[in-house]
Each structure stands twice: as C-alpha cells, then as structure tokens.
1. Need pairs with beta-carbon distance below 7 Å; first residue more than 15 Å from Thr44 (Cα to Cα) and within region 17-28, second among the polar types (S, T, N, Q) and crowded, with 16+ Cβ neighbours inside 10 Å; sequence gap 6+ or separate chains.
2. Could you list, in sequence order, all residues of region 87-102 that are farther than 18 Å from Phe155 by Cβ and surrounded by 11 or more Cβ atoms within 10 Å (Cβ to Cβ)?
3. Do you know which of the residues in region 1-16 that are in a strand (DSSP E or B), in contact (Cβ under 8 Å) with a residue 24 or more places away in the chain and not β-branched (Val, Ile, Thr) is surrounded by the fewest Cβ atoms within 10 Å (Cβ to Cβ)?
4. Output yes when any residue across region 127-144 is among the hydroxyl-bearing types (Ser, Thr, Tyr) and in a helix (DSSP H, G or I), and no when none is.
5. Within region 81-97, which residues are at pLDDT 95 or above and either out of contact with any helix residue (DSSP H, G or I) (no Cβ under 9 Å at 6 or more places or on another chain) or of a type outside the set (A, V, I, L, M) (or both)?
6. Has region 155-167 got any residue that is hydrophobic (A, V, I, L, M, F, W, C) and surrounded by fewer than 20 Cβ atoms within 10 Å (Cβ to Cβ)?
7. Here are the criteria: (1) surrounded by fewer than 21 Cβ atoms within 10 Å (Cβ to Cβ); (2) away from ligand 1 (no atom under 13 Å from the Cβ); (3) touching a residue at least 40 places away in the same chain (Cβ under 8 Å). Tell me which single one Ala72 does not satisfy.
8. Quick one: in region 152-198, of everything that is of a type in the set (S, T, N, Q) and not in a strand (DSSP E or B), which residue is farthest from Gly29 (Cα to Cα)?
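The values are calculated or read from the model by the stated rules, or taken from the named source; none is laboratory data. Since this is a predicted model, take the numbers as computed values, not measurements. Don't worry about glycine lacking a Cβ; one is built from the backbone with ideal geometry, like all the others, and counts go over all protein chains shown.
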Amino acid sequence: MSGIKLTGVSKSFGAMKVIHDVDIEIEQGEFAVFVGPSGCGKSTLLRMIAGLEETTGGEIRIEAEDVTRKEASKRGVAMVFQSYALYPHLSVFDNMAFSLSIARRPKAEIETKVKAAAEILRLTDYLSHKPSQLSGGQRQRVAIGRAIVREPRVFLFDEPLSNLDAELRVKMRMEIARLHRQIGATMIYVTHDQVEAMTLADKIVVLKSGVVQQVGAPLELYRNPDNMFVAGFIGSPA
Ligand code: ADP
Ligand code: MG
C-alpha cells in the first residue's frame, strides 16, 4: 500500500517556481530520503507534505487519502526539525507530553505513551531532567519523542542531525534506523549528506532545483545513475 503519493506537486513563491511537477510514491513503512544541495527544495516539499505550506499545484495523498487541502494537525504527520526547540522550563516528560496535554488526552494515556517513547529512545532515566541538563544527542531524541507520542502515520525529518558533531551524527543515524525498524512507520528524511542518504534509505529521491532527478534504491542510483548530477551526487565514478 502507498504511504505517501505526490502527483504533479508544484510550489511557487510569488513569481519564483521552486518545486516543479514532482511525482513521488513512497510505500507504507518505507524509509525515503530526499537528498540534494542546499536550496533545491527539500524543506519546501516536506513542509507541503506536513501541511505547513500550501501547494501551488498537484495532489498529496497519505495512505490513499487526499490531504492536499487538509489542515496540518489532521494529516497524521509529525515533523522533527533540526532546531529542536524544546521548552527549556519543562522536564523531558512534559516536553514529550506537550502535544497530548494540549489535546487534553487522559493523564494515564499520556503517561503510557511518553514512557513507551522514552523506552524506545533510551530516555527513561532522564524524564525529570530539564533540556539544559541533556547532551545534544539526548535533546534530539526528546524532539523525536515528541513526534512518537503522537503516533503519526508518517514521520518527517528535516536535517535533524545537522547541528550535531560528526561522531554523534553517526550514532544518531543508527538510532533513527533502529527507530524505523522498531516502529515501522513511513518516514521521509531530508539531508544534503550523501552518506546519510546511502546508509538510511530504502528509497532515495535526488532533487536539483526543485526537479526530481531520479528515484531508486541506493545501489540502483549508485550503479545506474540517470545523469551526471546523480552520478556526482551519489558519488559513483560513472
Ligand atoms: P532546501 O531545504 O533544499 O535547502 P528550501 O526548500 O528551503 O531548500 O528552498 C527551496 C527554494 O525556495 C530556495 O530557493 C529558497 O530560497 C526558496 N524559499 C523557501 N522558502 C521560501 C519562502 N518562504 N519565501 C520565498 N522563497 C522561499
Ligand atoms: Mg532545508
């Protein structure tokens, strides 16, 4: 079954067209990576899928449902950003519980969900800590925890690791791969880092100037790049 389907999706800011008739299909439970240089439209595409940015044209479906005009909060999508913007005055528990609290979910349900997410993210011993008492990697995990408790159909990651140092990035990359294996939800991960794309993806979407260059499994792109841009970007000697 299709997890996410984009058909002819376009976006203009005023007279400037930044996304050009994008067609992408991601299977349910698949880990897709959007990769391309800075400014190619990765964040804009993700924000359109999340409902944080209106489309100028085309259609977005999530698990077969047309969500193109649907409010962000009703799409069943959760986004994890690079700047994790945790509430500094709230504990780890309350940061993760926040969206459920404002949705007035019952206390017992909130506790169950936050504890389950903390378990997955190895934050159980830190639930009463404040963000300032955590390492960068732990803070990023809290940000991911905030997405997990909402039980979204789709997780969207916008360069979530780019503020972390190289060593931590590798560790967190493995954590995200583990999270995907464990939760099995459809995920889209945006990065300008080829290594991240190659190691995480079931399917890579290569973008250049708002145009899809190629879609395929990492090895497929590596072995059979459609053009010089893909070859150069994925790093094959083609
Ligand atoms: P990426 O995430 O791949 O770095 P973006 O999606 O942020 O790229 O940006 C794609 C293009 O759209 C860039 O040319 C950027 O300047 C432009 N852009 C993004 N957001 C806006 C906006 N709110 N208003 C005008 N132009 C924008
Ligand atoms: Mg971006």
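1. Ile26/Thr186; Gln28/Thr186
2. Tyr87, Leu90, Ser91, Val92, Phe93, Asp94, Ala97, Ser101
3. Taking the candidates together, the pick is Gly8.
4. Among the residues of region 127-144, at least one is among the hydroxyl-bearing types (Ser, Thr, Tyr) and in a helix (DSSP H, G or I), which makes the answer yes.
5. Within region 81-97, His89, Ser91, Phe93, Asp94, Asn95 qualify.
6. yes
7. (3)
8. Ranking the candidates gives Asn163 first.
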